[in-house]
1. For the stretch 20-38, give me each residue that is farther than 15 Å from Asn90 by Cα and in contact (Cβ under 8 Å) with a residue 12 or more places away in the chain.
2. Filter the stretch 16-45 down to the residues that are at pLDDT below 60 and in a helix (DSSP H, G or I) and list them by number.
3. Which count do you get for residues in the stretch 55-96 that are surrounded by fewer than 17 Cβ atoms within 10 Å (Cβ to Cβ), modelled with pLDDT of 95 or more and in a loop (DSSP other than H, G, I, E, B)?
4. So which residues in the stretch 29-49 are surrounded by fewer than 18 Cβ atoms within 10 Å (Cβ to Cβ) and over 17 Å from His101 (Cβ atoms)?
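The values are calculated or read from the model by the stated rules, or taken from the named source; none is laboratory data. Since the structure is predicted, the reported quantities are computational estimates derived from the model, not experimental observations. Note that each Cβ is placed from the backbone with ideal geometry, even for glycine, and that neighbours are counted across all protein chains shown.
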Amino acid sequence: MRRLSIAVALLFMLGAGGTAFAQSKCDAGVAKAKGKKVGCKCGVIAKGYAKGTAPDPTKLQKCTDKFTKSCTKAIGAADCSAQSSNCALNESEADMFVTDHCVGSPSGAFLE
């Protein structure tokens with residue numbers, strides 16, 4: 001859980017770039033959607049690890065569907081300044097983050 005909290009916090013910091021921006025429902029919505037997608041997918045993966053099974057593909061798809069809906073709605077606000085890329089690119093960034101930080105090699109995978 002701590003790792004997930006750190007991951008979400010990092011994602012928000014990367015999205016903001018450390019500078020102050022004008023209020024934007026679009027930027028806030030896209031950043032929130034990315035954070036929720038990372039949290040959702042990492043949670044599904046963690047449950048799979050805990051049970052010793054593969055992550056549930058239906059639940060992973062549900063994470064993606066929620067992201068798409070939220071991101072599309074946020075971009076519809078049309079006042080983005082920091083989150084200027086489209087939903088597909090934002091989704092790709094979130095998925096890369098999940099792959100880098102939530103998906104690991106199985107325990108002992110490189111041991112003989």
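1. Phe21, Ala22, Ser24, Lys25 - these are the residues of the stretch 20-38 that are farther than 15 Å from Asn90 by Cα and in contact (Cβ under 8 Å) with a residue 12 or more places away in the chain.
2. The one that is at pLDDT below 60 and in a helix (DSSP H, G or I): Ala16.
3. 1
4. Result: Lys32, single match.
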